[in-house]
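Participant: After the structure tokens below, expect a handful of questions from me.
What follows draws every value from the coordinates through simple rules; no lab data is involved. Since this is a predicted model, take the numbers as computed values, not measurements. Cβ sites come from the backbone with ideal geometry, for glycine too, and all protein chains shown count toward neighbours.
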Amino acid sequence: MSIARFWRETPRRYNLGGSKCTMCGTVYFPPRAVCPTCAHHRESIGKMEPFQLSGDGEVFSYTTVHEPAEGFEMQVPYVLALVRTVEGPVLTGQVVDLAPEDVRIGLKVRATFRKLREEGKAGVIHYGYKFAPAEDLPNRPPGRPRGAVGAPAGSESDRAAA
């Protein structure tokens, strides 16, 4: 992804900013200008309002990645999950602060602000959301607190994931 595009998408990546149709109440992430759920799509034009997702949800499906994409070699194995948020949208994200074998369908998670990757030799760092367990679990590594959207960057878990 280009740096310019990444910066344009920063508000929704950092804050889980979506949109909500004022006609039918459906929530979308990323935000939409038109509601595809409404029977007459054109009627929803101008009736979509900004909506802040809480970041709370549960694992709907997941996979453990053993052959990583470029830039993620130091993180394998890692879990990539589909998370159904309490507001409805399904988001894709990495599950952190938990051993891969402890992830399960139905696990309650919360979005947390983390380092995603570094780009190129210049070392441009991209941040965004990942998902951490929302409950205290016995297998959580020591010193790895539950995350929350907006948690400070540069934490110990960010450095460990890099």
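Participant: Could you calculate the FRET efficiency of M23 with K121 from 1/(1 + (r/R0)^6), where r is the beta carbon distance between them and R0 is 35 Å, rounded to 0.05?
Facilitator: 0.10
Participant: Between I105 and N15, with labels modelled 7 Å along Cα→Cβ, what's the label distance in nm to one decimal, could you check?
Facilitator: Roughly 3.5 nm, to one decimal.
Participant: Ok, one more. With each label point set 7 Å from Cα along the Cα-Cβ vector, what nm distance links A33 and T92?
Facilitator: 2.4 nm
Participant: Considering Cα pairs under 8 angstrom that are at least six residues apart, work out the relative contact order of segment 19-69 and quote it in whole percent.
Facilitator: Working: 53 pairs, mean separation 17.1, N = 51.
Taking the mean separation of contacting Cα pairs over the length of segment 19-69, I get 33 percent.
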